[in-house]
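Worksheet for the structure shown next.
Read-outs: derived from the displayed coordinates by stated rules, not from any lab. This is a predicted model, so every value here is computed, not measured. Glycine also receives a Cβ, built like all others from the backbone with ideal geometry; neighbour counts cover every protein chain displayed.
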């Protein structure tokens, strides 16, 4: 049984997550774990790991991760920390927390720099392109 | 009236005889004849001439032909002969009537063995009355007309009181006295005709009564049913009229309201439509929102995956590499393998493990433990990553579908919005409450009109049905009424007939009573004059039951103690009283008048008859034995009309000689 580890966020990010849920429709229905996973992914995409200055431990825990999410975090850990990191769940969480911190910061900047509508539209457009890319790759 | 002459030609023994009845102070005519010398046939001849009857025919005479036997014998076969009796009658008004009855015969040969060789076959009959006026004019009547004249002399039904056998005087008050008197009074009173009418009316009354008995009680039932039906029709017509009034009112109100709302929107309808549109809009928006959220969730999920996508690709490559190098744990559950080794049975196929299987499982378990923890971790992420990849491949179609749906919702919402705007524009500028009231009223009146029209249709059908029913009942009632009409008519007839019968009864009773009283009175007078015992009998009376009684001077009834002569005198008094009361003062012809009177009283009877002859024609037919002694003495002194009837040598013809 995997051990249950707190996945912390930076104290400064707590209001960001709140704001994200309240103000951006795309995130309105999501829970903390889901938002965290999004922020980790966003931080990874933009390669923006940031160390936490003051950790907030009440956001979520590993036991709330779905198997998919856990698989994704392991994939991140493999990428960032190498293959041995797969055996170290604490390390995996630590990596995730850093990318989450960077990711949420970037995301909020991104959102803040565009209108709410255009963010969602742009986001959808980028996803469409991504889909086309990966399917083209697969087909090729 | 009196008989002046009788002429017999070929009538029985009276082949050629003419009797003249000359009038003398005592109109008394005496004929004396042996039995069989045609004495009684003079009586029969008179009856035959006047009434075509021979009531006093002896049994011997009945067997003989009416045509004189000598005439038959003397006649040639095929020749014709005739019988004729003529009665010359002088009426009180001096007119002479010659009554003549003739029968013509053809003499035929009779081939019947043991019978007469010649038979007279009746070929024709004739009855004529010649009326001779004093001035010499005459008129001849035949058949019924002639018979009617006879009825004026002596009516057929009372002829027995004029031309009769003396025996009648003896027996008249002996047998069935009351009945005889009753019948006599009825004959005299002429009530027979009334009684005949009474009988006929009674028959009709019975028929009517039977008809009434069959009268139909259905009339009342049908009438009641008809009245009920008519009542229903009336009620339905009332309802129909109310319906029509309501329809008319509604039509009027509708037209008024139509005029008002002509340029006004149907607020209520539009409002309802608006409400509906708004509800649809809310629903549609909710659906859209749900789809939008669904889409956003898809975007969110795929967006997250897209961030991790390179990691996923790399991880999958690593897993494939490990698998290629067989560094991945076998795709089995280690716990199952360990359990199988422990119990010796495969949990999957439930077979006992043999040595070979046990060795194979040992190898697998060993391999499982020898592969490192990293490989284990890789193994755990393999399936989730596969699921992520698989799910990601559906992203575009899912998003595309959702986008289309959302777009459709948008289109719908735009349309709804447009309609809402349109309605709102229509409602703008109107007193919506007033218009709403108009439309409300319009709707109410239209509903009322439709309701009443529907009701009216139903009522018309119902009225139609009821009218047909009523017509049917009318026909039935007419039929019954026709019968009823006949019944009413019959009842009227019945009442009339009952009344008529009552009147006839009363008339008959009163007439009979009156006649009875007159007869009683006349009989008393005649009997007192006639009776030789002047101080014996006080009074003769006929009671209500038509019993005749003779009251003795001493106060007791003495009818039963009267002698035969006294009884005959009484009968004669009664007969003459009938002559008087009936108004037919005809002659008195008595055959064997004193045959049943003892010799001591014959003188008295002779005096009585002599006395009568002073007032009316008296014709007496005596037997020689009868016409003897005191009566002969009495009578011969007062009459020259005395004849003797004698048979000729053939005993088939009678001759008359003066006595």
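Observations on the structure shown:
- Separation of alpha-carbon centers, the stretch B:17-35 and the stretch B:239-297, rounded to whole Å: 135
- When B:492, A:62 are sorted by how many other C-beta atoms sit within 10 angstrom of their C-beta, beginning with the fewest, the order is B:492, A:62.
- Partner chain coverage, peptide A:76-89 - average Cβ within 10 angstrom: 4
- Modelled this way, with points 7 Å down the Cα-to-C-beta line, the labels at residue A:110 and residue B:212 are 12.4 nm from one another.
- Cβ crowding within 10 Å averaged over residues, with B:630-639, B:604-613 ranked highest first: B:604-613, B:630-639
- Look at the stretch A:55-67: the mean tally of other chain Cβ atoms within 10 Å of its residues' Cβ atoms is 1.
- As a calculated quantity, the FRET efficiency between residue B:93 and residue B:197 at R0 = 30 Å, using C-beta atoms, amounts to about 0.45.
- log10 of Debye I(q)/I(0), alpha-carbon scatterers only, for chain B at 0.10, 0.11 Å⁻¹: -1.08, -1.17
- Residue with peak Gaussian network fluctuation, chain A [Cα springs, cutoff 10 Å], from A:13, A:68, A:88: A:68
- Alpha-carbon centroid distance for the pair the stretch B:370-442 / the stretch A:99-140, whole angstrom: 22
- Cα centroid separation, the stretch B:342-363 to the stretch B:572-608: 170 Å.
- Peptide A:36-48 is shielded by partner chain Cβ atoms: per residue, an average of 3 of them sit within 10 Å of its Cβ.
- Listing A:38, B:584 from fewest to most neighbouring C-beta atoms within 10 Å gives B:584, A:38.
- Computed from Cα atoms, the angle from the helix B:143-153 axis to the main principal axis of chain B rounds to 60 degrees.
- Protection proxy ranking, highest mean first, for peptides B:244-251, B:377-384, B:591-598: B:591-598, B:377-384, B:244-251, where packing is the per-residue count of other beta-carbon atoms within 10 Å, averaged.
- Proxy reagent accessibility, fewest Cβ within 10 Å first, across B:349, B:99: B:349, B:99
- On Cα atoms only, tilt of B:218-261 relative to the major axis of chain B in degrees: 40
- Cα gyration tensor, chain A - rounded (a/c under 1.5), prolate or oblate: oblate
- Degrees between helix B:373-393 axis and first principal axis of chain B (Cα, 0 to 90, nearest 10): 50
- Contact order relative to length of chain B, as percent, for alpha carbon pairs under 8 angstrom and 6 or more apart: 26
- Calculated [θ] (222 nm, deg cm²/dmol) that DSSP helices of n ≥ 4 give over chain B, each run adding -39,500 (n - 2.57): -21000 deg cm²/dmol
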